[in-house]
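Remarks on the structure that follows.
The values are calculated or read from the model by the stated rules, or taken from the named source; none is laboratory data. On a predicted model such as this, the values are computed, not experimentally measured, just so you know. We place every Cβ from the backbone using ideal geometry, glycine too, and count neighbours over all the protein chains shown.
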Amino acid sequence: EVQLLESGGGLVQPGGSLRLSCAASGFAFSKYDMGWVRQPPGKGLEWVSLIYTAAIGPTYVDSVRGRFTVSRDNFKDTLYLEMNSLRTEDTAIYYCAKGGGLDSWGQGTLVTVTS
Amino acid sequence: DVVMTQSPLSLPVTLGQPASISCRSSQSLVHFNGDTYLSWFHQRPGQSPRRLIYRVSNRDSGVPDRFSGSGSGTDFTLKISRVEAEDVGVYYCMQYTHWPRTFGQGTKVEIK
């Protein structure tokens, strides 16, 4: 059974940083592209980033490019999202998802950016 | 960016009756390889999204056959043949042909 477990969310001030992790199990992690999607409280879904299997060519939505960095450790079966220069509008539940088509999702981790 | 427009945004339905959600894209979702990358997701209150349909019309494992997807180019539809109580929640379409990937605004399905 595919399991994705996000962690690392929390309360942070504007301009601060956080590192999210997503521990994967139940599938061959190294063989799948992995993505991040976020959802502001009470709002819809926004695709954030995708990283390919060999960690090449990560892509980002414009609103986070240059501030967020996605990476992966195929030995630890773990996906990461390094978030810097955080803004209030980055407040959201952050989900990791398997595959370019997002076929399985984690339970999410809440990031709150507030002064 | 490709804009995905869903309608309606709110859909009150009667148990056992059919329901239909439309999703339109601002550009064709046909990839240069000939495939069309359009998915549908369902999010129940307080839960993570779950993918129902991929590449327009393919049901994910475990998805009841009352759910079906159709469409082509820029015009897509999710149909529920007979709505059950567990189908309430928000439905999203997403295109993954173009970068960045984009979602529709969501359609909230509730029981009348």
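Annotation: A:TYR94 fulfils all but one of (1) in a strand (DSSP E or B); (2) closer than 19 Å to B:GLY106 by Cβ; (3) facing chain B (nearest Cβ under 9 Å); the unmet one is (3).
Filtering segment B:22-42 to residues that are within 14 Å of another protein chain (Cβ to nearest Cβ) and either within 11 Å of the chain's Cα centre (by Cα) or assigned to a loop (DSSP other than H, G, I, E, B) (or both) leaves B:CYS23, B:LEU29, B:HIS31, B:ASN33, B:ASP35, B:TYR37, B:LEU38, B:SER39, B:TRP40, B:PHE41, B:HIS42. Among the residues that make up segment B:102-112, is at least one of them at pLDDT below 95 and either of a type outside the set (Gly, Ala, Ser) or outside any loop (DSSP other than H, G, I, E, B) (or both)? Checked against the condition, which is being at pLDDT below 95 and either of a type outside the set (Gly, Ala, Ser) or outside any loop (DSSP other than H, G, I, E, B) (or both), segment B:102-112 yields at least one hit.
Taken as a whole, the structure places B:GLY106 among residues that are at positive phi, within 12 Å of chain A (Cβ to nearest Cβ), touching a residue at least 60 places away in the same chain (Cβ under 8 Å) and of a type outside the set (Lys, Arg). Of a type outside the set (Ser, Thr, Tyr) and under 13 Å from the mean Cα position of the chain (by Cα): is that true of A:LEU11 in this structure? No. Selection of first residues in segment B:41-66 that are touching a residue at least 40 places away in the same chain (Cβ under 8 Å) and of second residues that are of a type in the set (S, T, N, Q) and outside any loop (DSSP other than H, G, I, E, B), restricted to Cβ pairs under 8 Å at least 6 apart or on distinct chains, gives the following pairs, ordered by first then second residue: B:PRO49/B:GLN43.
Would it be correct to say that B:SER61 is outside any strand (DSSP E or B) and buried (at least 19 other Cβ atoms within 10 Å of the Cβ)? Spelling it out, it is not the case that B:SER61 is outside any strand (DSSP E or B) and buried (at least 19 other Cβ atoms within 10 Å of the Cβ).
Among residues of segment A:9-61 being over 17 Å from A:TRP105 (Cβ atoms) and in contact with a Lys or Arg (Cβ under 7 Å, 6 or more places away or on another chain), the one that is modelled with the lowest pLDDT is A:ALA55. Among the residues making up segment B:60-83, those that are within 14 Å of another protein chain (Cβ to nearest Cβ), touching a Leu at 6+ places or on another chain (Cβ under 7 Å) and not β-branched (Val, Ile, Thr) are B:ASP60, B:GLY69. Close contacts from segment A:55-67, counting a first residue that is more than 10 Å from every other protein chain (Cβ to nearest Cβ) and within 16 Å of A:ALA92 (Cβ to Cβ) and a second that is modelled with pLDDT of 95 or more and part of a loop (DSSP other than H, G, I, E, B), with Cβ to Cβ under 6 Å and a gap of 6+ residues or different chains, come to A:ARG67/A:ASN84; A:ARG67/A:SER85.
In segment B:21-32, the residues that are more than 18 Å from B:LEU9 (Cα to Cα) reach residues that are assigned to a strand (DSSP E or B) and of a type outside the set (Asp, Glu) with C-beta atoms within less than 7 angstrom, at least six apart or across chains, in these pairs: B:LEU29/B:THR36; B:LEU29/B:LEU38; B:LEU29/B:GLN95; B:VAL30/B:THR36.
Could you list, in sequence order, the residues of segment B:62-112 that are closer than 19 Å to B:GLN47 by Cα and hydroxyl-bearing (Ser, Thr, Tyr)? Correct list: B:TYR91, B:TYR92, B:THR107.
Residues in segment A:42-54 that are within 12 Å of chain B (Cβ to nearest Cβ) and surrounded by fewer than 22 Cβ atoms within 10 Å (Cβ to Cβ): A:GLY42, A:LYS43, A:GLY44, A:GLU46. Against the conditions (1) closer than 22 Å to B:LEU52 by Cα; (2) buried (at least 20 other Cβ atoms within 10 Å of the Cβ), A:LEU79 satisfies every one except (1). Give A:GLY101, A:GLY42, A:GLY35 a once-over and let me know the one that is without any contact (Cβ under 8 Å) to a residue 40 or more places away in the chain and within 18 Å of B:MET94 (Cα to Cα). Result of the check over A:GLY101, A:GLY42, A:GLY35: A:GLY101.
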